[in-house]
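To start, the structure itself, in structure tokens.
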Amino acid sequence: MRVNDLLKWKRALNEIKFKHNELDLVKEMCDSHGPQFQMFLEEYCAKNSIDLQKLNREKSIREAPKKKETIAKERRISAEKKDVDQIAIIFKNLFKKLAMFLHPDLSVGLTEEEKQDRLSMFKEAKQALADKRYFVLLEMSERFKIRMPKNYKQQTRWMKARIIQLDQEIQSQKHTYNYVYAECETTEEKERIVKNFLRQIFQI
């Protein structure tokens with residue numbers, strides 16, 4: 001294996017870990033400010049005699065046919081996509097190796113505290129596999145000296161593609177009203193955001 005391939009792999013591994021953490025923080029920010037934005041929106045509408053419930057009902061009626069079409073389209077796309085993901089298979093096999101080491105039922109001579117630690121790590125690894133956070137599995141494998149897959153070039157290509165997807169998800173979250181509202185510092189800025197929201201969503 002060329003040293004250059006390993007360096008690219010490590011660089012991509014660090015970047016994808018950072019992007020996952022950034023996305024988590026942005027989502028947390030959006031989720032925590034969502035109720036605050038909703039409350040400010042309702043207060044603004046009440047103060048300005050805007051019937052928000054009526055607007056929501058009218059919008060639901062207009063969009064019902066579109067939603068059905070979208071769901072049907074998504075199901076067709078999902079049914080057509082049956083290609084085996086080689087990376088997923090590779091990391092599923094790595095998870096199995098980790099499971100043999102981490103699952104407390106498969107280990108002997110452990111204290112109750114050690115079993116609980118192993119169980120916690122096992123659950124973390126299982127969730128990482130489900131979320132395609134493969135860097136968690138790689139870090140655990142390195143920690144416990146479990147042989148890792150050596151397809152560095154393939155992993156690097158996958159990670160670079162995934163980093164682009166994560167970037168898109170981050171930017172998408174940052175363009176939500178919850179996130180923009182969280183960035184507001186004054187009442188005037190918040191009211192401007194609400195006005196933009198009402199104009200975009202309800203055309204008023």
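Here are a few things to note about the model shown:
- Extension gain from residue 4 to residue 43, taking 0.36 nm per residue of separation minus the Cα-Cα distance: 8.3 nm
- When the C-alpha to C-alpha distance is required to be over 18 Å, the pairs from 19/92; 97/153; 92/126; 10/153; 19/160; 132/174 that qualify are 19/92; 97/153; 132/174.
- Where N is the number of residues in the chain, Cα Rg divided by 2.2 N^0.38 Å: 1.41
- In order through region 85-94: 3J(HN,Hα) via Karplus (6.51 cos²θ - 1.76 cosθ + 1.60), integer Hz, x for Gly, Pro: 8, 4, 4, 4, 5, 4, 7, 5, 5, 5
- Backbone phi angles across region 195-203, fed through the Karplus curve with coefficients 6.51, -1.76 and 1.60 (θ = phi - 60°), yield HN-Hα couplings of 4, 5, 4, 5, 5, 6, 7, 10, 6 Hz in residue order; Gly and Pro are listed as x.
- Working from Cα pairs under 8 Å separated by at least six residues, relative contact order for the chain is 41 percent.
- GNM top mover of 102, 137, 110 - the chain, alpha-carbon springs below 10 Å: 110
- 5 angstrom amide H check on residue 148, placed H, neighbours 5+ away: none
- Between region 140-160 and region 8-67, the Cα center-to-center distance that results, in Å: 35
- Accessible surface for residue 51 stands near 80 Å², nearest 10, in the context of the full protein assembly shown (1.4 Å probe).
- Residues 27, 96 ordered from highest to lowest accessible area at a 1.4 Å probe: 96, 27.
- Solvent-accessible area of residue 108, all protein chains in place: 140 Å² (probe radius 1.4 Å, heavy atoms, ligands and nucleic acids excluded).
- Per-residue SASA entry for residue 50, accessible area with 1.4 Å probe, Å² rounded to 10: 40
- Calculated from backbone phi, Karplus (6.51, -1.76, 1.60) coupling profile of region 48-63 in Hz, x at Gly/Pro: 10, 6, 9, 7, 5, 4, 5, 4, 5, 5, 5, 5, 4, 5, 5, 8
- For q = 0.11, 0.18 Å⁻¹, Debye-computed log10 I/I(0) when each Cα of region 106-204 counts as one equal scatterer: -0.63, -0.93
- Magnitude of the charge dipole, the chain, Cβ model with Lys/Arg +1 and Asp/Glu -1, debye to 20: 1320
- Sum of -39500 (n - 2.57) over DSSP H runs of 4+, divided by residues of the chain (222 nm, nearest 500): -28000 deg cm²/dmol
- Here the accessible area of the chain is 51 percent carbon and sulfur, with a 1.4 angstrom probe and all protein chains present.
The values are calculated or read from the model by the stated rules, or taken from the named source; none is laboratory data. Predicted model only: the values in this text are computed from it and were never measured. Methodologically, a virtual Cβ is constructed for each residue, glycine included, from the backbone with ideal geometry; neighbour enumeration extends over all protein chains shown. Accessible surface is based on the protein model in full, side chains and every heavy atom, while ligands, DNA and RNA are left aside. Shrake-Rupley method; radii C 1.70, N 1.55, O 1.52, S 1.80 Å.
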